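This report concerns only the one structure given below.
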Amino acid sequence: MFKLFSIKRFYIITCCFISLLTVNVVQAEQVVVYSARIEELIKPMFDAFTRETGIQVKFTTDKEGALLARLKAEGKKTPADVLITADAGNLWEAAREGLLKSISSPILEANIPAHLRDPQGQWFGLSIRARTIIYNTQKVKPSELSTYEDLADPKWKGRLCLRTSKKVYNQSLVAMMIAEHGEAEAERIVKGWVDNLATEPLSDDTRALEFVAAGRCDVTLVNTYYYGRLIVSNPNLPLAVYWPNQKNSGVHVNISGAGVTQFSKNEHSAIKLLEFLSSQKAQNLFADVNMEYPANPQIKPSNVVAAWGEFKQNPMNLVKAGELQTAAIKLMDRAGYR
């Protein structure tokens, strides 16, 4: 009887131990994501990742600044394993603040071109947004267009609309222009833009597109997905895409991307999520829902996006968008670009 009791006791203890191990494994197989991309843009990818790997994704969405502030406040106690946000400037800032860690992943390095990721492996682009010229087809011939710099020419006086300089997209564009041309020349170009404005800077890209479509200005600079959303809802608008700087530096691109947080508790699973998001299975999901371009060059964009034509990207590493962002903000202020 004593022997039987001992066996039962051993069996109970063993089962409890196995149960505890199982609970720990289940708890480990979860990734917590802080995302500046809204739920409808990210949930389909997370669901696909869970179906493929069994790893659950718990996510919180908020504005970029709020998420960075939260990570800083939480410090080592943060539950977050991954930060997803738009614009390389925001990702650079997160890395500068010590909120992201360097990781090594041959898969990510193979899938994401060098200019779309941090040289130290702290963040990786997952989709591309091109900031390009959109023009009114009834008022402008494509042959009149050429470069970002040319929009500073007096021939465009009273014909240009721009979004406010307060948005990071324009700050990153000007930062990259500083890296390419130097501060003095970049300031001359931005002052030329200001001189050519048809109206005060507008609140957002959609508003700028609406002004061009209505003939209140002839050209503007916007992220292509804003054009895509508007033209899909109203295909008869007199708007078209022009790819500038094709004979020299190429089109300015930016990214929506991600990095593993400095104090991630599930680094292995976090890296698996990033690798999945860079893969063929997920790239179209990640890009198509917002009419962006896949960061992985092996993946074709959606038919809607592909219809805008192919273009040469500016190959300069997007880390410059962060490093020179403060200089860009000061430059725009000096140039009177509000």
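The values are calculated or read from the model by the stated rules, or taken from the named source; none is laboratory data. Model, not experiment: these values are computed from the prediction. Every residue, glycine among them, receives a Cβ derived from its backbone with ideal geometry; neighbour counts consider all protein chains shown. Calculation scope for accessible area: heavy atoms of the full protein, side chains included, ligands and nucleic acids excluded. Shrake-Rupley method; radii C 1.70, N 1.55, O 1.52, S 1.80 Å.
Of the residues that sit in region 262-318 and are in a loop (DSSP other than H, G, I, E, B) and β-branched (Val, Ile, Thr), which one is farthest from the chain's Cα centre (by Cα)? It would help to see each step written out before you state the result.
Within region 262-318, the first condition is being in a loop (DSSP other than H, G, I, E, B), and the residues that meet it are 262-266, 278-279, 289-292, 295-302, 307-312, 314-318.
Okay, now just the ones that are also β-branched (Val, Ile, Thr), so 289, 299.
On the way: Val289: 13, Ile299: 17 Å.
Applying the filter and picking the extreme gives Ile299.
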Among the listed residues Gln56, Gln138, which satisfies the condition of being under 27 Å from Lys281 (Cβ atoms) and of a type outside the set (D, E, K, R)? Gln56
Could you tell me whether region 159-167 includes any residue that is under 30 Å from Leu285 (Cβ atoms) and touching a residue at least 12 places away in the same chain (Cβ under 8 Å)? yes
Of (1) part of a helix (DSSP H, G or I); (2) open to solvent by 20 Å² or more (accessible area, probe 1.4 Å); (3) of a type outside the set (Lys, Arg); (4) touching a strand residue (DSSP E or B) at 6+ places or on another chain (Cβ under 7 Å), Gln122 fails just (1)
Might you check whether a residue that is among the small types (Gly, Ala, Ser), in contact (Cβ under 8 Å) with a residue 60 or more places away in the chain and at positive phi occurs anywhere in region 40-58? no
So Tyr293 ticks every box in (1) hydroxyl-bearing (Ser, Thr, Tyr); (2) surrounded by fewer than 19 Cβ atoms within 10 Å (Cβ to Cβ); (3) closer than 28 Å to Glu180 by Cα but one. Which box is left unticked? (2)
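Here's the yes/no breakdown for (1) open to solvent by less than 60 Å² (accessible area, probe 1.4 Å); (2) touching a helix residue (DSSP H, G or I) at 6+ places or on another chain (Cβ under 9 Å); (3) closer than 19 Å to Glu210 by Cβ:
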position: Ile133; (1), (2), (3): yes, yes, yes
position: Gln138; (1), (2), (3): no, no, yes
position: Ser143; (1), (2), (3): no, no, no
position: Ser146; (1), (2), (3): yes, no, no
position: Ala152; (1), (2), (3): yes, yes, no
position: Leu160; (1), (2), (3): yes, yes, yes
position: Arg163; (1), (2), (3): yes, yes, yes
position: Lys167; (1), (2), (3): yes, yes, yes
